[in-house]
Amino acid sequence: MKKIINPWRNHAEYNCFGCCPDNPIGLHMEFYEDGEYIVSTWHPEHNYQGWVNTMHGGILSTLIDEVCGWVVTRKLQTSGYTVQLTVKFKKAIPTTEPELTIRAKVTKQVRNLAYISAEIVNSEGELCNEGEAVYFLMNQEKAKEMGFLPCQVED
């Protein structure tokens, strides 16, 4: 696996809830490229609960949406936005779970739409959540206009 270099890390206005390391209430996700997958590991905590000691479904959905966004950024080298997100909650995740692995890949691309599948697996290797996202892909000119920067990996 190769660590993805966050191209926006030094941008003055960058404050993404999912991936900005400096957002005080954010998820601070980091990403890696592993073959056709983009992968992130994340550690649940008490502040992200829904029911007592149980992860909030909206946070789990955000983890899936964020990794899918980074699939677009790294694998397709453009920018885009979510037009559809479906999440199946298969197993409750406690806030005490040591580590989650979130991974996603492109399953199909039709013109300016990318179809991306994702999953969240707990530290025991159990599938907890599945996601399917559809992203609208911006053309290169529009992506640059919106601030897209090429996304590379560390050597």
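Any read-out appearing in this document is the output of simple, stated calculations on the displayed coordinates, not a laboratory observation. What you are looking at is a predicted structure, and each value in this text was computed from that prediction instead of being measured. Here the Cβ positions follow ideal geometry from the backbone for every residue, glycine too, while neighbour counts run over all protein chains shown.
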Has segment 75-91 got at least one residue that is touching a residue at least 12 places away in the same chain (Cβ under 8 Å) and under 11 Å from the mean Cα position of the chain (by Cα)? no
Neighbours by Cβ (under 7 Å, 6+ apart or cross-chain): first from segment 97-108, closer than 11 Å to P44 by Cβ; second buried (at least 18 other Cβ atoms within 10 Å of the Cβ) and aromatic (F, W, Y): L100/W42
Assess whether I64 counts as being within 21 Å of E130 (Cβ to Cβ) and touching a residue at least 60 places away in the same chain (Cβ under 8 Å). yes
How many of the residues in segment 124-155 are among the charged types (D, E, K, R) and closer than 17 Å to K75 by Cα? 4
Quick one: would you say I38 is within 26 Å of K144 (Cβ to Cβ), touching a Phe, Trp or Tyr at 6+ places or on another chain (Cβ under 6 Å) and surrounded by 14 or more Cβ atoms within 10 Å (Cβ to Cβ)? yes
Within segment 9-57, residues under 16 Å from V67 (Cβ atoms) and hydrophobic (A, V, I, L, M, F, W, C) come out as C16, F17, C19, C20, L27, M29, F31, I38, V39, W42, M55
The condition from (1) within 19 Å of Y32 (Cα to Cα); (2) touching a residue at least 24 places away in the same chain (Cβ under 8 Å); (3) not aliphatic (A, V, I, L, M) that G125 misses is numbered (2)
